[in-house]
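The values are calculated or read from the model by the stated rules, or taken from the named source; none is laboratory data. Predicted model, so just to flag it, every value in this text is computed and none were measured. Neighbour counts are summed over all protein chains in view; Cβ atoms, including those assigned to glycine, are modelled from backbone coordinates with ideal geometry. We work out accessible area using only protein heavy atoms, side chains counted, and drop any ligands, DNA or RNA first. Shrake-Rupley method; radii C 1.70, N 1.55, O 1.52, S 1.80 Å.
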Amino acid sequence: MAQVIALVDDDRNILTSVSIALEAEGYEVRTYGDGDEALRGISARPVDMAVLDIKMPRMDGLELLQRLRQSTQMPIIFLTSKDDETDELQGLRMGADDYIKKPFSQRLLIERIKTLLRRTELAQGKGTAPDPGQTLVRGELVLDGARHLCTWKGKEIDLTVTEFLLVKALAVRPGHVKNRDQLMDAAYGEHIYVDDRTIDSHIKRLRKKFKAVDDDFQQIETLYGVGYKYKE
């Protein structure tokens, strides 16, 4: 069954051209002209992934992201203009997995989509039989790859696929520093470049989620100018 992608943009030319490109890759595409229409459509018929423009009428991409994150952790990519740096950071902190600046290469967008969907399947253990090796336990932290489940002190923490993979990359080797390039590879795959602030924004959101269930959470440490590590 084809994976389903929601494409949300008020530019009809983008909807048409990107839809054709994605359908040629075997995806099913559902297009929406604004955030309000997309929210209703996705709520009624869930999708595997969403690509959202930030600047839209009626409900912009940031509000749509916030509303979607109340019920789903599916991968989400933002399409931004060159002047949207503040919105890019806000979107990442609100739970977007990635962003691409307009004008963009359709090939780049397709590669980012493939990478995120592939990483989602791996994080959720799809296509493989669950086994004990897919569960990582580090003290109070439990990461169950087969069920895409993260718990801290027995309390479930709802993570996006990118956040899940970042925590796993850090917790696999406690005490060892991971630089941003290594974390990029873990979350996005090799040959996919995202800038440093993308990783930093994801880490800030991760800390916020863990602190929501435990005010004393301090396991993810920053080594300024170097990277991050998970405390032993």
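Tell me the helices (runs of 4 or more DSSP H) entirely within the range 13-94 that contain at least 1 residues that are under 15 Å from the mean Cα position of the chain (by Cα) and within 25 Å of ARG147 (Cα to Cα).
61-68, 85-94
Considering each of ARG173, ARG147 in turn, give the residue that is at pLDDT 90 or above and outside any strand (DSSP E or B).
None of the others qualify; the one that does is ARG173.
What's the total number of residues in the range 67-97 that are of a type in the set (D, E, K, R), within 22 Å of ARG119 (Cβ to Cβ) and modelled with pLDDT of 85 or more?
The qualifying residues number 2.
All but one of (1) over 22 Å from ARG207 (Cα atoms); (2) outside any helix (DSSP H, G or I); (3) among the hydrophobic types (A, V, I, L, M, F, W, C); (4) open to solvent by less than 10 Å² (accessible area, probe 1.4 Å) hold for ALA2; state the number of the condition that does not hold.
The number of the failed condition is (4).
Kindly indicate whether ILE192 is surrounded by 14 or more Cβ atoms within 10 Å (Cβ to Cβ), modelled with pLDDT under 90 and part of a loop (DSSP other than H, G, I, E, B).
Here the answer is yes, as ILE192 does meet what is asked.
Six or more apart or on different chains, Cβ atoms under 7 Å: show the pairs whose first residue is in the range 40-53 and free of Cβ contacts under 8 Å to residues at least 40 places away in the same chain and whose second is assigned to a helix (DSSP H, G or I).
Qualifying pairs under 7 Å: ILE42/LEU68.
Here are some residues: ASP53, ASP48, ASP34. Which one is open to solvent by less than 20 Å² (accessible area, probe 1.4 Å) and in contact with a helix residue (DSSP H, G or I) (Cβ under 7 Å, 6 or more places away or on another chain)?
Answer to the selection: ASP53.
Scan the range 213-226 for residues that are exposed (fewer than 13 other Cβ atoms within 10 Å of the Cβ) and among the aliphatic types (A, V, I, L, M) and jot them down.
Residues satisfying the conditions are LEU223, VAL226.
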